[in-house]
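**Student:** Sharing a structure with you now.
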Amino acid sequence: MGKPTKIEKVETLLWDRWLLIRIYCEDGTVGIGEGGVHGWQRATKTMIETMEPYLLGKDPHRIEHHYQWLYRSSHFMGSVVQGALSAIDIALWDIKGKRLEVPVYDLMGGKTRDRVRCYMHVNPPDHNDTAEGLAKDAAKVVREGFTAVRFSAFPKMFHLHKSYSEWADEAVTRVAAVRDTVGPEVDLCVEIHRQMAPAESIGLGKRLEQFNLFFYEDPMLPDSPAIMGEIAKNCDVPIATGERFTSIFEYQQLLEANAAAYVRPDLCLCGGLSGCKKVSAMAESHHVKVIPHNPLSPISTAACVQLDACIPNFALQEYTGESEPPKSELLETPLELLDGYLTVPEEPGLGIRINESALSIPENPKILDTPIGFDGSVQDR
């Protein structure tokens, strides 16, 4: 490790649709992180810049101390604050691993597995968003080696007028088509994206029991763990939720309500590696497994793999594919993906290095939008 060092610079990068961060130390060590607040990357960037003066001159190894100082200084919490803190936390763990010449997972208890099982998104284009098109895309993903697939129970135009019976029948038809195509050897992860009321999601959940789902994700808005617990109690499908949560305290309520079989912490939103390691331990005490949320860049994926490697209650890792630009260009050496599993790297820190030439890719900001229903009302996406 050498002699102690101090933080001398914090750099934020709006890269394509993502917010990246680099923290520089006086000894030349550079830590990489990412903040993941969908649609609010610029606001999160400003928050990191607001926090930077505190970090300058500090010992980068005091990760929990810095988190607590910045968290308690913020008064009003929420996604922008937590996205900034998450990015900083991930970068500081990367620094610590690099300076001690060990992977982050070695600093968090050591490796519990050598590879990480992933589920892949199945998302057919709009013109082919039918049960048949969905099943065809799922078969393609399975041929690529994945043994778990994730897809929406509803087509993209779900918000157009249909009776509940039509809506639910269509969802059952889509799930059945995928199950019939991929067979029992592949796990099905069905996303509802908060598009149903509790009574509706219970009714649909009961109908989907026959397909032996791996999980039934976000069957309602996540605002009430107590009501989510009622859904879990009244239909025999495992609930997965939590991607919008920003703190361990929201997970505490969810777990006490027995509202989830799987928790979905986002490392770039819920306190970084530190926060999500705490969530994982809380979940373990309730016999609940962890499926990290990960719709972001390869930096987020690398951080997720470090967490997955060191927790005993890991279940699956969200993976959206990193073989196409711009994601494929960000790292000098991409994480190894074999037969639907990411290999846990042995290199220090997060085990990745940024490809400097890729950073010329400009910002591609998310355009905020949400569907409008047939009657003019706002729907959830």
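**Student:** Within segment 347-362, track down each residue that is farther than 17 Å from Cys304 by Cβ and in a loop (DSSP other than H, G, I, E, B).
**Tutor:** Selection gives Pro348, Arg353, Asn355, Ile361, Pro362.
**Student:** Follow-up question, since we're still on this one. Which ones in segment 52-74 are in a helix (DSSP H, G or I) and either aliphatic (A, V, I, L, M) or touching a residue at least 24 places away in the same chain (Cβ under 8 Å) (or both)?
**Tutor:** Answer for segment 52-74, where residues must be in a helix (DSSP H, G or I) and either aliphatic (A, V, I, L, M) or touching a residue at least 24 places away in the same chain (Cβ under 8 Å) (or both): Glu52, Leu55, Ile63, Glu64, His66, Tyr67, Leu70.
**Student:** Take the residues in segment 90-146 that are closer than 16 Å to Gly183 by Cβ and acidic (Asp, Glu); name whichever of them is surrounded by the fewest Cβ atoms within 10 Å (Cβ to Cβ).
**Tutor:** Glu144
**Student:** Could you say whether any residue in segment 32-48 is closer than 19 Å to Ala358 by Cα, among the acidic types (Asp, Glu) and in contact (Cβ under 8 Å) with a residue 60 or more places away in the chain?
**Tutor:** Among the residues of segment 32-48, at least one is closer than 19 Å to Ala358 by Cα, among the acidic types (Asp, Glu) and in contact (Cβ under 8 Å) with a residue 60 or more places away in the chain, which makes the answer yes.
**Student:** Here's another thing I want to ask about it. If I ask for residues that are modelled with pLDDT of 95 or more and of a type in the set (A, V, I, L, M, F, W, C), which ones from segment 172-198 would you list?
**Tutor:** Matches in segment 172-198: Val172, Val175, Ala176, Ala177, Val178, Val182, Val186, Leu188, Cys189, Val190.
**Student:** Taking segment 60-89, which residues are under 17 Å from Glu8 (Cα atoms) and either in contact with a Phe, Trp or Tyr (Cβ under 6 Å, 6 or more places away or on another chain) or surrounded by 14 or more Cβ atoms within 10 Å (Cβ to Cβ) (or both)?
**Tutor:** Passing the criteria: Pro60, His61, Ile63, His66, Ala87, Ile88, Asp89.
**Student:** Could you list, in sequence order, all residues of segment 262-318 that are within 16 Å of Asp89 (Cβ to Cβ), assigned to a helix (DSSP H, G or I) and of a type in the set (D, E, K, R)?
**Tutor:** Listed by number, the residues that qualify are Lys277, Lys278.
**Student:** Using beta carbons and a limit of 6 Å, which pairs, at least six apart or on different chains, have the first residue in segment 140-165 and without any contact (Cβ under 8 Å) to a residue 24 or more places away in the chain and the second one surrounded by 21 or more Cβ atoms within 10 Å (Cβ to Cβ)?
**Tutor:** Val141/Met120; Val141/Val122; Val141/Val149
**Student:** Continuing with this model, one more query. For Met77, work out the one condition from (1) outside any helix (DSSP H, G or I); (2) at pLDDT 95 or above; (3) closer than 18 Å to Pro265 by Cα it doesn't fulfil.
**Tutor:** (2)
**Student:** I would also like to ask the following. Tell me the strands (runs of 3 or more DSSP E) entirely within segment 1-51 that contain at least 1 residues that are surrounded by 23 or more Cβ atoms within 10 Å (Cβ to Cβ) and under 19 Å from the mean Cα position of the chain (by Cα).
**Tutor:** In segment 1-51, 18-25, 30-35 are the strands (runs of 3 or more DSSP E) which contain 1 or more residues that are surrounded by 23 or more Cβ atoms within 10 Å (Cβ to Cβ) and under 19 Å from the mean Cα position of the chain (by Cα).
**Student:** Let me ask you something else. Looking only at segment 218-258, which residues are part of a strand (DSSP E or B) and touching a Pro at 6+ places or on another chain (Cβ under 9 Å)?
**Tutor:** Ile239, Thr241
**Student:** Exactly one of these conditions fails for Gly28: (1) modelled with pLDDT under 95; (2) at positive phi. Give me its number.
**Tutor:** Of the numbered conditions (1) modelled with pLDDT under 95; (2) at positive phi, the odd one out for Gly28 is (1).
Yes/no per residue for (1) charged (D, E, K, R); (2) farther than 14 Å from Val116 by Cβ:
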position: Leu307; (1), (2): no, no
position: Cys310; (1), (2): no, no
position: Glu324; (1), (2): yes, yes
position: Glu347; (1), (2): yes, yes
position: Ile361; (1), (2): no, yes
position: Asp369; (1), (2): yes, yes
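**Student:** Identify all residues within segment 338-381 that are more than 19 Å from Ile23 (Cα to Cα), modelled with pLDDT of 95 or more and surrounded by 14 or more Cβ atoms within 10 Å (Cβ to Cβ); write none if there are none.
**Tutor:** Residues satisfying the conditions are Gly340, Tyr341, Leu342, Thr343, Val344, Pro345.
The values are calculated or read from the model by the stated rules, or taken from the named source; none is laboratory data. This structure is a prediction, so every number in the text was calculated from the model and none was measured. Using ideal geometry, Cβ is built from the backbone for each residue, glycine included, and neighbour counts are taken over all protein chains shown.
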